[in-house]
Amino acid sequence: MARAREELWRAVLERDDYAAGRVVDAALAAGASGEQVLLEVIARVQGKVGAAWAAGRMTVAQEHAATAIHERVIAATVHHPSARQAVTPGAAGTVTVACVDGEWHALPARILAEVLRLRGHRVDFLGAQVPTPHLIAHLHQTAPDTVALSSTLPTRLPTAHTAITAIQAIGIPVLVGGAAFGADGHRARLLGADAWAPDARAAADLLAGGMPRPGPGNARQAIDDLPHLGDQEYTMVSRSRGQLVKNTLAGLERRLPAMRSYTDAQHERTAEDVAHVVDFLRAALYTDDVGLFTGFLDWTGDILEARGVSARVLDPALTLLREELKDFPRAVTLLTEGSGVLRGRATPPTTPGTKS
């Protein structure tokens, strides 16, 4: 598999669909299973693509091109005769696989769907960003044995929670996966999912053992799982999101005069950065998870520094948000912890919005 990964990586860098197709054909012809090619070649190379983008060695456009190539070679893999010869469709039960509303990273869910098909499941793959009401309507029509929900972005956790409880209320168990739920699945447990899996193979193994169906009509509210929401901090910060971003940007211009000479593109990047900070703050308030917020800031620091910008560039925004939210104790704690993480990186502050 190592040689196949190297060759697929080279094909991806050269944006060569045909070479990528030849790599998976050769691996299958050499005796690799479809599942091995999906998980040990394609998924691993896609992970390398993400790491290259994070390190500033690959542009967003190049990352998208690589993902598109992987979508095509996934199809080539699962339709290859050797991959499907032992499959009895539907023998293992029915599964609906979907990304939560607002989640555009569909490739992990696509790989899961194809692994489950190769294991004999009949799979409805609904793709990226499935609005919860449409998902529930579809489930009423199709009545699968299980729903598998995928989310990469922790900012989608409130939406994921809504979907989990709505699906369980109609008597269908929910398996979740993706980086949003934490490396150990602790956020999946927090949100009341029936099961969590760290990867597609583990998910398929878990489903092979069967999942008990929850009792229909057992509806619950978010606060039943997350009693800390009773302080209304998440609700109030969510309602004021737009104003928080606007006020923070205005405060940055007052405190950092260099921002007044920014280009439109620099202003746009700064606004995006501040909006991301507010969105991750909201997610951390929803889950009451300090590590969610500080982990985001640390990861963002890596991204910024890979592009020659100090992570401390975010600190003025955190200070301004702390002033805006001074009456919200949990938010203040999160922002204070976040500032501590940035200071711990020991890099000098620079001006926001200047990354390339």
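None of the figures in this text is laboratory data; all of them are computed from the coordinates on show. Note that the structure is a prediction, hence the values are computed from the model and not measured. Cβ sites come from the backbone with ideal geometry, for glycine too, and all protein chains shown count toward neighbours.
The label point for H64 and the one for K246, both projected 7 Å from the Cα toward the Cβ, are 2.9 nm apart.
Going by alpha carbons, how many degrees (0 to 90, nearest 10) lie between the helix axis of 290-306 and the longest principal axis of the chain? With both axes taken from Cα atoms, the answer is about 90 degrees.
Full extension of the chain segment joining A265 with A26 gains 81.5 nm, where the gain is 0.36 nm per residue of separation less the Cα-Cα distance.
Computed extension length for E323-D124: 66.9 nm, one decimal, from 0.36 nm per residue of separation with the Cα-Cα distance subtracted. Of the peptides 220-228, 186-194, 25-33, the ranking by mean beta-carbon count within 10 Å, highest at the top, reads 186-194, 25-33, 220-228. A cut-off of 5 Å between modelled amide H atoms, ignoring neighbours fewer than 5 places along the same chain, links V176 with L149, A195, W196, A197. Comparing F293, F328, F280 in a Gaussian network model of the chain (Cα springs below 10 Å), the most mobile by mean-square fluctuation is F328. At a Förster distance of 45 Å, what's the computed FRET efficiency of A219 paired with V290, Cβ-Cβ distance as r, to 0.05? Efficiency computed from Cβ-Cβ geometry: 0.90. If you run the Gaussian network model on the chain, springs between alpha carbon atoms under 10 Å, then out of T155, T59, T132 the most flexible one is T59. The dipole here belongs to the range 88-225: it is taken about the Cα centre, uses +1 on the Cβ of Lys and Arg and -1 on the Cβ of Asp and Glu, and is about 140 debye.
So if each residue of separation counts as 0.36 nm, and I subtract the Cα-Cα distance between H228 and S82, what length gain in nm does that give?
47.4 nm
For the chain, find the longest principal axis of its Cα atoms and tell me its angle to the long axis of helix 157-169, 0 to 90°, nearest 10. Result, in degrees: 40. About its Cα centre, the chain has a charge dipole of approximately 320 debye under the convention of +1 per Lys or Arg Cβ and -1 per Asp or Glu Cβ, with nothing else charged. Projected label points at R239 and A75, each 7 Å from Cα along the beta carbon direction, are separated by 4.7 nanometres. Overall, the range 217-256 carries a charge dipole of about 340 debye about its Cα centre when +1 sits on the Cβ of Lys and Arg and -1 on the Cβ of Asp and Glu, all other atoms neutral. Taking the chain as the reference, fit the longest principal axis to its C-alpha atoms, fit the long axis of helix 264-287 to the helix C-alpha atoms, and give the angle between the two in degrees, 0 to 90, nearest 10. Helix 264-287 sits at roughly 70 degrees to that axis.
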